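What follows is one structure encoded as structure tokens, with my remarks underneath.
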Amino acid sequence: MKVIGVTEFGGPEKLGPHEVPEPHAGPGEVRIRVHAAAVSPTDTHMRIGDYPVTGEPPYVPGMDAAGVVDEVGEGCPWQVGDKLMAIALPVGGKHGGGYVEKLVGPWRSMARIPEGVDFAAASTLPMNGLTAYQALEKLDLSPGQTLAVTGAAGTLGGYVVQLAKHRGLTVVADAAEKDRELVASFGADHIVPRGDDVASRIREIYPDGVDGLVDGSVQNELVVPAVRDGGGFATVRFWSGPVDRGIKLHKVLVAQEYESHEKLDELRKLVEEGVITLRVADTIPADNAAEAHRRLAAGGVRGRLVLTF
């Protein structure tokens with residue numbers, strides 16, 4: 001079976017195809033023949049060795065995949081031929097990353113792909129969708145409260161804005177001038193220029209600060225001042241603060257959602273209802289994964305690059 005991974009950490013040129021033994025589904029597990037695997041910044045961090053890994057190489061990135069069931073273990077509700085999307089765990093998981101021809105995982109790590117959506121688009125939803133879901137869950141804001149979103153033009157940021165609006169929140173989001181129309185299409189109530197001074201821009205609209213903030217652009221201490229005293233701050237890159245003024249720091253860890261089938265299925269329904277918009281920047285053959293990583297590192301990609309198998 002072909003996988004796309006690294007035998008030593010480094011630049012995109014270290015990423016390439018390798019042959020490994022074919023995995024099989026055990027009890028409570030299902031295997032999909034992968035047709036698409038989304039590429040995210042998390043994958044590039046694994047490739048360069050930022051995360052601890054165990055076992056033998058090749059080490060395989062990828063937290064999102066979509067494909068067709070070709071093997072079902074005992075006790076699973078899926079059937080051969082079902083079209084599913086899945087979240088994968090490249091680090092700390094039993095089955096590894098999603099850049100693979102065949103992915104095995106617990107059936108609860110998967111859900112049906114949204115009706116009318118192709119494999120490439122479906123593969124962009126699990127990891128970032130569940131990250132957005134968890135961030136809003138931890139902030140626990142009520143309808144009418146205010147939420148700021150940094151990195152709103154990105155895949156995660158876009159999902160956060162759309163889910164927040166669906167929950168009745170008032171959203172202020174950042175955007176470069178070229179991305180204002182895109183971010184507005186997600187439903188943001190206010191749009192401020194992105195940059196190191198984004199907190200002051202948000203305070204111009206909400207002088208006392210917003211009730212919560214999801215830091216999709218990973219600006220950390222630069223954007224904490226946008227949050228009101230006693231508000232909430234959701235970090236997606238393990239930042240530990242410090243924060244003051246009674247602000248609650250929420251660390252968003254999507255690996256905790258590995259078997260959150262119900263949440264992933266809810267996200268599927270929201271796509272079908274038009275609440276969430278899936279965006280594919282381009283599809284690239286899996287053997288050319290290094291090119292995808294180079295393009296992502298160069299910046300400016302809107303939507304997800306997706307590897308096809």
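The values are calculated or read from the model by the stated rules, or taken from the named source; none is laboratory data. Quick caveat, the model's predicted, so the values are computed rather than measured. All Cβ positions, even for glycine, are placed from backbone atoms using ideal geometry, and neighbour counts span all protein chains on display. Each accessible area value is taken on the protein alone, full model and side chains, heavy atoms only, with ligands, DNA and RNA left out. Shrake-Rupley method; radii C 1.70, N 1.55, O 1.52, S 1.80 Å.
Quick rundown of the values:
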item	result
Given charges at beta-carbon only (K, R positive; D, E negative), |dipole| of the chain in Debye	260
Mean ellipticity per residue at 222 nm, deg cm²/dmol - from DSSP H runs of n ≥ 4 across the chain, formula -39500 (n - 2.57)	-6500 deg cm²/dmol
Mean separation of Cα contacts under 8 Å, 6 or more apart, over the residue count of segment 178-279: relative contact order %	17
Residues whose placed amide H lies under 5 Å from that of Ala176, excluding near-sequence neighbours	Arg194
Alpha carbon Rg of segment 42-87, scaled by the compact-globule rule 2.2 N^0.38 Å	1.55
10 Å Cβ shell holding at most 14 others, DSSP loop, GluC sites (Glu not before Pro): longest site-free stretch of the chain	116-272
Carbon + sulfur, % of accessible area of segment 137-235 - ligands and nucleic acids excluded, 1.4 Å	46
Most positive-pole-ward Cα, Pro27, Val271, Pro77, against dipole of the chain from beta carbon charges	Val271
Over segment 148-213, equivalent-ellipsoid semi-axes from the Cα gyration tensor in Å	16, 15, 9
Selection from Pro193, Ala164, Gly231 lying farthest towards where the dipole of segment 128-254 points positive, charges on Cβ	Ala164
Within the chain, percent of DSSP bridges classed antiparallel, to nearest 5	55
Å² per residue, accessible surface of segment 16-59 at 1.4 Å	47
Estimated translational D of segment 124-244 in µm²/s (Stokes, Kirkwood radius over Cα pairs; 25 °C; 0.890 mPa s)	178
At 0.890 mPa s and 25 °C, Stokes diffusion of segment 124-184 via Kirkwood alpha-carbon radius, µm² per second	212
For segment 65-146, alpha-carbon Rg relative to the globular expectation (2.2 N^0.38 Å, N residues)	1.26
Rule-of-thumb Rg ratio for segment 173-256 [Cα; 2.2 N^0.38 Å; N residues]	1.09
Coarse-grained scattering of the chain at q = 0.11, 0.14, 0.15 Å⁻¹, given as base-10 log I(q)/I(0) from a Debye sum over alpha-carbon atoms	-0.65, -1.02, -1.15
Local electrostatic count at Asn128 - Lys and Arg +1, Asp and Glu -1, tallied over other residues with Cβ under 10 Å	0
Nearby lysines by direct alpha-carbon distance to Lys165 (threshold 17 angstrom, same-chain neighbours under 8 apart not counted)	Lys138, Lys269
